[in-house]
Amino acid sequence: MRLTAPLRAGLMAVALSTGLMAAHPAQADFVPGGYQIGSQQFGLTGGTFDAGGFKGTWNATPIIFWCIELTQTFSFGTHYTTYTPSAASNALLSQLFTAAYAGALSSTQNSAAFQLAIWEIIYDGGDLNLSGGGFKVLDNKGNGATVATAQGFLNSVLAASPTYNLFFLTEANHQDFVTANLIPTTTTRVPEPGSLALIAIALIAAGFVRARSARAAG
């Protein structure tokens with residue numbers, strides 16, 4: 001994969017996810033901006049690639065996103081209007097975000113490790129092993145600690161709950177990406193003040209009726 005600028009990846013906010021799903025593909029303006037925090041290079045199954053999370057904008061809203069396709073290229077700073085966002089169902093990938101995304105952008109090493117873990121899940125399914133299977137690290141290019149970190153992320157996947165909604169950003173002629181947002185948690189709905197007042201009035205009325213009935217019976 002030969003990229004015209006550094007690569008990066010990450011997550012988007014709930015408001016952004018709504019914008020992604022609402023925007024018509026022809027109206028979307030997707031601009032990859034570069035790496036969020038740097039990258040590292042690795043010899044992987046299929047060639048030599050740079051790994052790291054990306055930053056950019058989607059209809060002028062900042063997003064962080066990650067590569068899920070190694071067979072095509074894209075260019076930083078280019079305005080793409082043909083990318084299509086779609087909700088993606090991938091439990092392992094969602095679990096990876098739950099387990100490791102909190103620290104994925106804390107350093108270049110962690111960012112590259114998170115990208116390696118994503119590629120492992122995308123290309124090798126449930127294998128979750130960077131040293132075996134159909135996708136693996138063949139040459140760490142001096143970044144052995146990063147590979148170990150990525151494997152640690154993968155080792156924690158199965159114990160994690162899938163708490164991220166995933167969105168794939170796809171385009172026929174350019175590299176595809178993934179971004180995500182936290183799944184909203186359900187909360188107990190608290191009655192509004194007006195509702196509380198109505199409830200209080202109803203209780204008082206019920207008590208008055210019971211008292212009146214008791215007097216009448218006496």
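General remarks:
- Sorted by Cβ density within 10 Å, fewest first, the residues SER86, SER111: SER86, SER111
- Amide H contacts of THR57: VAL31, GLY33, ILE63, each under 5 Å away and 5 or more positions distant or on a separate chain (H built 1.01 Å from N in the peptide plane; Pro and chain starts excluded).
- Neighbour-count ranking [beta-carbon atoms within 10 angstrom, fewest first] of VAL178, VAL137: VAL137, VAL178
- Note, ³J(HN,Hα) from phi for region 44-49, Karplus 6.51, -1.76, 1.60, rounded to Hz, x at Gly and Pro: 10, 4, x, x, 9, 9
- Look at THR149, THR84, THR61 and count the other Cβ atoms within 10 Å of each Cβ; fewest to most, that gives THR61, THR84, THR149.
- Under the Karplus curve 6.51 cos²θ - 1.76 cosθ + 1.60, θ = phi - 60°, whole-Hz ³J(HN,Hα) for region 87-92, x wherever Gly or Pro sits: 5, 10, 9, 8, 4, 5
- The 3J(HN,Hα) values that the Karplus relation (6.51, -1.76, 1.60; θ = phi - 60°) gives for region 74-81 are, in residue order, 7, 10, 5, x, 8, 8, 9, 10 Hz. Gly and Pro appear as x.
- Computing Rg and the Kirkwood Rh from the Cα coordinates of region 14-182 gives a ratio, Rg/Rh, of 0.95.
- Here, region 107-178 yields an orientationally averaged convex hull projection of 5.9 nm² when only Cα atoms define the hull.
Read-outs throughout are calculated quantities, based only on the coordinates presented, and are distinct from any laboratory measurement. All values reported here derive from a predicted model rather than from experimental measurement. Note that we place each Cβ from the backbone using ideal geometry, even for glycine, and neighbour counts take in every protein chain shown.
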